[in-house]
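Please read the structure below before turning to the comments.
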Amino acid sequence: MKSEDKLAQFSKLIDQSSNIVFFTGAGISTESGIPDFRSPGTGIWNKISPIEFQDFVRSEEIRKESWKRKFHGKTNLSAADPNVGHKAISHLILRAKARSVITQNIDNLHQKSGVPDDKVIELHGNAGYAKCLSCDTRYELDKLQTQFEELGQVNPCGKCGGIIKTATISFGQAMPSDAMDRAQRETIACDLFVVVGSSLVVYPAAGFPELATHMGIPLVIVNREATPLDHIASLVIHEEIGPTLGFVVGINEPSPNRST
């Protein structure tokens, strides 16, 4: 099928739907200048080993290294702005055509694009703040950075003495049960499930598009590269994400590659 025909089919599916759920991965944010974590050669984890959750909890020295990476690293998520892909999803959410965004991303760009907090389900947490692992008290990063610069460490929680960590899900850390449960409910309730910028290799998150197809819900995958679930999708578009979503939603002209 030609690219133009795929875009027309995607637009038709959106027009016919009223409860769309978007499932987003790193690919939507690379167009905002945020590098992904797993791409061969360019992914962050190819350049620096991730810190396991158990090691973070076990070792004060490893916690110091983790905060050093956070505050002195080259990746500044807070400086990134939403791109047209994020804005297209926000447009549909605010028009009540889409019901929610399930995201693997930690960059807060969906919220920055205008999607209300209660419409974003963050499976892997959020890098924009920190919280106590024991009592869930929230801590803002600017205050923690000042503390780290002065003391060389982040002190324990002022309320309970627990360990403070960025509000992201690290390797070895349990997935947030509330977010997983809500993502399942949203998937079952939708009438169109759209995957955007995910390689669909990380489970259990990648199980949601599979669940959608098992429920008979049309699945659309928009990703630059092929995914393991392309064969079960109703429509697959291997194009640039921002221009594709912007065009089908009607907020910009198309400029994806004209592949067939």
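Would you mind calculating the gained length between Ala79 and Lys159 on full extension (0.36 nm times residue separation, minus the Cα-Cα distance), in nm to one decimal? All intermediate terms of the calculation are to be shown ahead of the outcome.
Numbers: separation 80, 0.36 × 80 = 28.80 nm, distance 3.04 nm.
Answer, rounded to one decimal: 25.8 nm.
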Calculated from backbone phi, Karplus (6.51, -1.76, 1.60) coupling profile of the range 139-144 in Hz, x at Gly/Pro: 10, 7, 5, 5, 5, 5
Rounded tilt (10° steps) of 60-72 against the dominant C-alpha axis of the chain: 50
Acute angle (nearest 10 degrees) that the helix 3-16 long axis makes with the longest principal axis of the chain, alpha-carbon atoms: 80
In order through the range 131-136: 3J(HN,Hα) via Karplus (6.51 cos²θ - 1.76 cosθ + 1.60), integer Hz, x for Gly, Pro: 8, 6, 6, 9, 10, 6
The chain - Kirkwood radius from inverse mean 1/r over Cα pairs (Å): 19.3
Added length on full extension, which subtracts the Cα-Cα distance from 0.36 nm per residue, Ala8 to Glu60: 13.2 nm
Protein accessible area in the range 60-127, 1.4 Å probe - carbon and sulfur %: 46
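Counting pairs of alpha carbon atoms under 8 Å apart in space and at least six apart in sequence, what relative contact order in percent does the chain give? The partial results should precede the final answer.
Values: 458 pairs, mean separation 64.3, N = 260.
So the answer I get is 25 percent.
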Amide hydrogen neighbours beyond the local backbone of Asn252, cut-off 5 Å, H modeled: Phe247
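Tell me, rounded to the nearest percent, the portion of alpha carbon pairs in the range 156-260 spaced more than 21 Å apart.
Numbers: 2708 of 5460 pairs.
Value for the range 156-260 (Cα pairs over 21 Å): 50 percent.
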Residues with amide H under 5 Å from that of Glu240, placed H, sequence gap 5 or more: Asn257
Karplus-derived 3J(HN,Hα), 6.51/-1.76/1.60, for each residue of the range 98-114, Hz, glycine and proline x: 10, 9, 6, 10, 9, 10, 8, 7, 10, 9, 6, 6, 5, 5, 4, 7, x
Straight-distance crosslink candidates among aspartates and glutamates, where the alpha carbon sits under 13 Å from Lys6 and sequence neighbours closer than 8 are dropped: Glu239
Value of [θ]222 nm, deg cm²/dmol, for the chain, DSSP H segments ≥ 4, -39500 (n - 2.57) each, nearest 500: -10500 deg cm²/dmol
Val195 long-range amide H proximity, modeled H, under 5 Å: Phe23, Val220, Ile221, Val222
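I'm a student and want to see the number: the projected area of the Cα convex hull of the range 79-153, averaged over all directions, in nm².
Values: hull surface 24.2 nm².
So the Cα hull casts an average projection of 6.0 nm².
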Accessible-area composition of the range 184-248, carbon plus sulfur, in percent [1.4 Å probe]: 55
Filter on Lys97/Lys165; Lys87/Lys159; Lys12/Lys119 - keep pairs with C-alpha separation over 27 Å: Lys97/Lys165; Lys87/Lys159
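Using 0.36 nm per residue, how much length does the chain from Met215 to Ile188 gain when fully extended, once their Cα-Cα distance is taken away?
On the way: separation 27, 0.36 × 27 = 9.72 nm, distance 0.69 nm.
Taking 0.36 nm per residue and subtracting the Cα distance, the gain is 9.0 nm.
The values are calculated or read from the model by the stated rules, or taken from the named source; none is laboratory data. Small disclaimer: the values here were computed from a predicted structure and weren't measured. These area figures cover heavy atoms from the full protein model, side chains too; ligands, DNA and RNA do not enter into them. Shrake-Rupley method; radii C 1.70, N 1.55, O 1.52, S 1.80 Å.
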